[in-house]
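Worksheet for the structure shown next.
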Ligand SMILES: C[S@@+](CC[C@H](N)C(=O)[O-])C[C@H]1O[C@@H](n2cnc3c(N)ncnc32)[C@H](O)[C@@H]1O
Ligand code: SF4
């Protein structure tokens with residue numbers, strides 16, 4: 001049986017499944033919004049969904065909430081206020097709770113941000129992608145450069161000192177100078193955090209069916225290296241594959257995923273992972289993916305589309321898939337605390353990874369080397385169960 005000595009940190013993810021328009025590169029569970037979004041029914045459904053989850057996490061404080069999507073900034077401030085005040089009543093928020101809302105620059109203005117803040121949101125994540133009008137059109141975005149700039153200024157104006165800007169690089173036809181110009185523009189807007197993702201072409205997206213021409217691997221490599229230098233010089237420390245933060249501004253919600261903490265997921269398609277120490281079990285579950293099906297089933301057992309207990313090998317591999325994304329690696333005690341198994345169960349792959357120069361196994365820390373970070377798949381392969 002797995003053995004857990006202390007409760008794991010617990011987060012809450014809330015999925016908002018609608019957007020103004022579907023972007024051609026996006027494979028998230030997001031759908032073009034109907035004429036009117038059934039917001040009141042959706043908030044009721046989320047609350048009913050959460051109530052069913054509560055018995056499994058009774059008495060455990062929620063350290064962070066992330067409202068992602070989709071485009072949750074399409075919610076009315078009143079709807080968001082109702083959601084958060086009910087959550088506060090159900091869960092009892094600790095004073096330091098981090099509450100993030102994802103926002104699309106095409107859907108916001110300062111007044112709206114101020115109202116979101118009054119409702120309890122204390123961190124924004126704004127999907128900028130690029131500041132280049134031509135690139136934004138190629139990405140099918142609903143906003144241009146001016147709205148992107150305005151969104152960051154509105155975040156400051158509404159009193160958010162903690163916000164993230166999402167940018168992507170490796171865009172169709174993008175040259176290195178253009179990617180670096182995007183980063184410099186983002187830095188000039190003084191966000192606390194920057195997420196800098198390489199554009200990937202995901203199956204079942206419009207881009208997969210009609211692939212755009214993206215930069216060659218060698219160009220991407222140099223772009224990434226120079227981008228990292230630009231961010232570091234401006235005081236943004238890389239702490240995960242795509243995440244860069246100023247001192248004290250690392251995203252606690254995402255860190256909890258990467259450190260293999262527990263999380264509840266409510267909303268269409270949301271995933272959760274909960275440790276049940278008394279039973280020595282870790283269980284994953286996921287909700288109905290289609291918004292209408294979700295609305296129809298929330299509050300009943302049928303809202304859970306699937307559930308799976310994680311076996312010992314899954315736990316070891318999933319822990320590594322998350323924790324080895326962290327640039328500083330992890331405290332070796334975390335493995336036992338968050339998987340319920342002693343670190344010795346992965347001694348062999350750890351030794352092998354060390355021999356191959358992919359990680360450093362220090363007495364109290366396990367840290368991927370630069371080679372390990374560059375060949376993360378090769379490193380993770382070592383933790384795959386043998387056939
Ligand atoms: C779930 S999206 C939500 C953000 C918000 N809906 C928006 O787009 O403005 C989170 C972020 O993932 C990134 N992303 C989405 N699809 C991607 C892809 N195919 N490759 C790389 N990054 C992607 C984008 O930077 C996006 O802002
Ligand atoms: S706005 Fe964001 S979530 Fe919606 S389709 Fe575009 S990238 Fe995906």
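The values are calculated or read from the model by the stated rules, or taken from the named source; none is laboratory data. This structure is a prediction, so every number in the text was calculated from the model and none was measured. Cβ sites come from the backbone with ideal geometry, for glycine too, and all protein chains shown count toward neighbours.
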Exercise for review: Restricting attention to the range 148-177, report how many residues are part of a loop (DSSP other than H, G, I, E, B), closer than 24 Å to residue 230 by Cα and more than 23 Å from the chain's Cα centre (by Cα).
Suggested key: 4
Study note, to complete from the structure: Scanning the range 51-75 for residues that are within 16 Å of ligand 2 (Cβ to nearest atom) and farther than 16 Å from residue 257 by Cα, the one nearest to the chain's Cα centre (by Cα) turns out to be 69
Practice item. Just give me the residues in the range 1-32 being more than 26 Å from residue 63 (Cα to Cα), more than 11 Å from ligand 1 (Cβ to nearest atom) and crowded, with 19+ Cβ neighbours inside 10 Å, in sequence order. Key: none
Revision key, fill the gap. Of the residues in the range 335-352, those that are touching a helix residue (DSSP H, G or I) at 6+ places or on another chain (Cβ under 7 Å) and surrounded by 14 or more Cβ atoms within 10 Å (Cβ to Cβ) come to 335, 336, 338, 339, 341, 343, 345, 346
Point to revise | Meets criteria (within 16 Å of ligand 2 (Cβ to nearest atom) and touching a helix residue (DSSP H, G or I) at 6+ places or on another chain (Cβ under 9 Å)) for residue 31 | key: yes
Review point. What is the residue count in the range 140-149 for residues that are in contact (Cβ under 8 Å) with a residue 12 or more places away in the chain and within 14 Å of ligand 1 (Cβ to nearest atom)?
Key: 6
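I'm checking my understanding of the structure. Among residues of the range 111-147 that are assigned to a strand (DSSP E or B) and within 16 Å of ligand 2 (Cβ to nearest atom), which one is nearest to residue 213 (Cα to Cα)?
Step by step, filter the range 111-147, then rank; the result is 129.
Being loosely packed, with under 15 Cβ neighbours inside 10 Å and at pLDDT 95 or above is the requirement here; does residue 300 meet it?
Numbers: loosely packed, with under 15 Cβ neighbours inside 10 Å: yes; at pLDDT 95 or above: yes.
Against the criterion (loosely packed, with under 15 Cβ neighbours inside 10 Å and at pLDDT 95 or above), residue 300 qualifies.
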Check your understanding: Taking the condition more than 16 Å from ligand 2 (Cβ to nearest atom), farther than 30 Å from residue 210 by Cα, in a helix (DSSP H, G or I) and in contact (Cβ under 8 Å) with a residue 40 or more places away in the chain, does residue 40 pass?
Key -> no
Check your understanding: Quick one: which of 78, 53 is at pLDDT 95 or above and farther than 17 Å from residue 270 by Cβ?
Key -> 78
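Could you tell me whether residue 82 is surrounded by fewer than 16 Cβ atoms within 10 Å (Cβ to Cβ) and farther than 29 Å from residue 186 by Cα?
On the way: surrounded by fewer than 16 Cβ atoms within 10 Å (Cβ to Cβ): no; farther than 29 Å from residue 186 by Cα: yes.
Criteria not met by residue 82.
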Exercise for review: Inspect the range 16-28 for any residue being more than 16 Å from ligand 2 (Cβ to nearest atom) and either touching a residue at least 12 places away in the same chain (Cβ under 8 Å) or on the phi > 0 side of the Ramachandran plot (or both) and give the result as yes or no.
Suggested key: no
**Study point:** Count of the range 85-110 residues which are within 16 Å of ligand 1 (Cβ to nearest atom), under 14 Å from residue 164 (Cβ atoms) and not in a loop (DSSP other than H, G, I, E, B)
**Key:** 5
Review point. Which of the residues that make up the range 121-134 are within 23 Å of residue 18 (Cα to Cα) and surrounded by 20 or more Cβ atoms within 10 Å (Cβ to Cβ)?
Key: 121, 123, 124, 125, 126, 127, 128, 129, 130
